[in-house]
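Report on the structure given below.
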Amino acid sequence: MKYYIRTFGCQMNIYDSEKMAGILKTLGYEPARDWKEADVILVNTCSVREKPDQKVLSALGEFKKIKKEKPDAIIGVCGCLAQRAGYEILQKAPFIDMVFGTTNIHHLPKLLEEAKSGNKAVEIIEEIDEGEAELDKYPTVRENKYTAYVTIIRGCDKKCTYCIVPYTRGKERSRRIGEILQEVQYLVEDGVKEIHLIGQNVTAYGKDLGDVKFWELLYAVANVDGVERIRFTTGHPRDLDEDIIKAMADIPQVCEALHLPIQAGSDRVLEAMDRGYTQKEYLQKIELLKKYIPDIALSTDIIVGFPGETYEDYLETVKVVKEVEYDQVFAFKYSPRPGTPAAEMEMTEKPEVVSKWLSELINIQKDISFKKNLQYEGKTVEVLVEEEKEDGSLVGRTRTNKLVHLKGRNNLLGRLVNVKITQANRFSLVGEVI
Ligand code: SAH
Ligand code: SF4
Ligand code: F3S
């Protein structure tokens, strides 16, 4: 029996898909190379903007064809869109056999049984299931052998006015530190070198547990023998305090890279988004980061065209982008999400004007990113070699999360090597192992 999983969305969904693959492996399934040969197809959906919503429906249209060749094949839809609009999807695509939300992934074995017996298996619950921790007993099946995601906190309590995540993922629940460390231990034994701690809001880790803070978790993970690198995504600027920044600087394995979404530069817009910080407060945190970790690589998310945003507001965002000099910026056009407070707010700017702002911003950032990459030329940096391409060349990442292409050499996979950067491109670096 074979499975195929198509994943949309963020790191949380990628991890969930790895868990579902782990569940299916435990049940005796093998991964299929192509969806056409699968007995179970799972579509793990995202709903953060309108585009991902549409992508899911077109993927389903494609997968539907499998029913002609293999009438017993099971098609399941899960993830954030399923949580938010599972019944609607079922109506639009009645050939689906299974629909389940983000908080009941551990019921996959039961749901699969139900679907196999010819019934529609549907489970979308609003309350968080206490049994969620059952997921811990399953392994993850990962594509990358040397770097692994570990979920440390699920859900989000922030309720930024534009965002669907709190509705699709529920309230914040931190995983117990013992369970996290056990998973890290297991991963290291499996050959993993880099641990990437993930959550929608990792800097809030432990608030609901009461007895542990995020920076303490960083030290605990670093103390697991064999952990060579630590990253974490996403930190919320509001919860990023000096204790965390000090720990980042102090722990040798924590990489000099941070994704710190600002969303907008204008205080008026930040307030309307309910982000809980001003531009000045955000920039103070950036300053503190650069003070403790001078060579830190920063990245961010930005929303352009939020309801009420004017050209002057947008220029504040441009100002911050130029001042911070991020290594990478992920900029999106605002997309109203049903049920969020911002969806009720009035749009001020025309879509074509917002598109112009967006492309202008992307162009400004392109030059900054390239300039940042050029600074690597001639330097020697540590690279974790993660992948061997078909032509024998190798691909790895620097601690600052830059992609590096290397000439192939034996036995370097999974190793940390010193690399001299010979050439900087816009989106990657080229180097030689020394
Ligand atoms: N938890 C993270 C982000 C999660 S969603 C944080 O707080 O930063 C990932 C990104 O999608 C966000 O940073 C935001 O830039 C973007 N996003 C979320 N909702 C959006 C919307 N309604 N329209 C456009 N972009 C959105
Ligand atoms: Fe969404 Fe805000 Fe939570 Fe991030 S912090 S997931 S943007 S509500
Ligand atoms: Fe998308 Fe859900 Fe992540 S909405 S961005 S997959 S938490």
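The values are calculated or read from the model by the stated rules, or taken from the named source; none is laboratory data. These numbers were taken from a predicted model, which means no experiment stands behind them. Positions of Cβ are generated from backbone atoms using ideal geometry, with glycine treated the same way; all protein chains shown enter the neighbour counts. The accessibility values were calculated without ligands, DNA or RNA, using every heavy atom of the protein model including side chains. Shrake-Rupley method; radii C 1.70, N 1.55, O 1.52, S 1.80 Å.
Listing for the model above:
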{"read-out": "Reach of K371 by Cα under 19 Å, taken over aspartates and glutamates that are not fewer than 8 positions away in the same chain", "value": "E256, D295, E323, E325, D327, E360"}
{"read-out": "Over segment 93-216: Kirkwood hydrodynamic radius from C-alpha pairwise inverse distances, Å", "value": "16.3 Å"}
{"read-out": "For q = 0.14, 0.17, 0.19 Å⁻¹, Debye-computed log10 I/I(0) when each Cα of segment 279-393 counts as one equal scatterer", "value": "-0.75, -0.95, -1.07"}
{"read-out": "Rh by Kirkwood over Cα pairs, then Stokes-Einstein D for the chain at 1.306 mPa s and 10 °C, µm²/s", "value": "69 µm²/s"}
{"read-out": "Portion, in percent, of the accessible area of segment 128-264 that falls on carbon or sulfur, probe 1.4 Å", "value": "45 percent"}
{"read-out": "Other-chain or far-sequence residues with amide H under 5 Å of A297's (modelled H)", "value": "A257, L258"}
{"read-out": "Charge tally in the Cβ shell below 14 Å around P307, where Lys, Arg are +1 and Asp, Glu are -1, P307 excluded", "value": "-3"}
{"read-out": "Sequence-distant residues sharing a close amide H with Y149 (under 5 Å, placed H)", "value": "H196"}
{"read-out": "Heavy-atom accessible area ranking, 1.4 Å probe, most first, across I296, I177", "value": "I177, I296"}
{"read-out": "Fully extended contour minus Cα-Cα distance, from N418 to V353, at 0.36 nm per residue", "value": "18.8 nm"}
{"read-out": "Stokes-Einstein D for segment 2-85, Kirkwood Rh over Cα pairs, 20 °C, 1.002 mPa s (µm²/s)", "value": "165 µm²/s"}
{"read-out": "HN-Hα J in Hz across segment 297-306 - Karplus 6.51, -1.76, 1.60, θ = phi - 60°, x for Gly and Pro", "value": "9, 10, 9, 8, 10, 9, 10, 10, x, 4"}
{"read-out": "Reachable aspartates and glutamates from K70, criterion Cα separation under 15 angstrom, eight or more residues apart if same chain", "value": "D34, E37, D39, E62, D97"}
{"read-out": "Of all DSSP beta bridges in the chain, antiparallel share, percent nearest 5", "value": "35 percent"}
{"read-out": "Accessible solvent surface per residue of segment 2-123, calculated while the other protein chains remain in place, 1.4 angstrom probe, Å²", "value": "44 Å²"}
{"read-out": "Per residue accessible area in Å² of segment 267-416, where ligands, DNA and RNA are left out and the probe is 1.4 Å", "value": "53 Å²"}
{"read-out": "Span from the segment 1-76 Cα centroid across to the segment 362-434 one, whole angstrom", "value": "32 Å"}
{"read-out": "Structure-based [θ]222 nm, the chain - -39500 (n - 2.57) summed over DSSP H runs of at least 4, per residue, nearest 500", "value": "-10500 deg cm²/dmol"}
{"read-out": "Highest average packing first - 54-66, 231-243, 187-199, Cβ atoms within 10 Å", "value": "187-199, 231-243, 54-66"}
{"read-out": "Candidate residues R397, R426: accessible-area rank, largest first, probe 1.4 Å", "value": "R426, R397"}
{"read-out": "Other-chain or far-sequence residues with amide H under 5 Å of K2's (modelled H)", "value": "E30, D39, V40"}
{"read-out": "Accessible carbon and sulfur surface of segment 380-433 relative to its total accessible area, %, 1.4 Å", "value": "40 percent"}
{"read-out": "Rg/Rh ratio calculated on Cα atoms of segment 150-296 (Kirkwood radius)", "value": "0.98"}
{"read-out": "Solitary cysteines of the chain, where the nearest other Cys Cβ is not under 4.7 Å", "value": "C10, C46, C78, C80, C156, C255"}
{"read-out": "With 5 Å bins from 0: P(r) over segment 198-239, alpha-carbon pairs, percent", "value": "5, 22, 30, 24, 14, 5, 0"}
